[in-house]
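These notes concern the structure reproduced below.
The values are calculated or read from the model by the stated rules, or taken from the named source; none is laboratory data. Every value quoted in this text rests on a predicted model; they were computed, and no experiment measured them. Because the Cβ atoms are built from the backbone with ideal geometry, glycine has one as well, and the counts that use them run over all protein chains shown. Surface areas here come from the heavy atoms of the whole protein model, side chains and all, with no ligands, DNA or RNA. Shrake-Rupley method; radii C 1.70, N 1.55, O 1.52, S 1.80 Å.
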Amino acid sequence: MFTYQNKESHDAFKAWISREEHVNDHKEMNKRKKENPQIEQVKMKKTIRAYELYEGDSPSLL
């Protein structure tokens, strides 16, 4: 899940996620999945690797 702090961050994320290369990769993955549904999907586990500390308006990465 993506959480944004302001409209500019949200717009930047939308632009990044909807870039042509990323969309085409997903289209290709879905096409392969439909062609061969027996292919085992890769299972991923998400892990937080960094925390952001906000003090006022300036974020700093720990």
Problem set entry | Label point distance in nm, Ala50-Lys27, each placed 7 Å from Cα along Cα→Cβ | 3.2
Exercise. If ligands, DNA and RNA are left out, what is the accessible area of Lys7 with a 1.4 Å probe, given in Å² to the nearest 10?
Worked result: 130
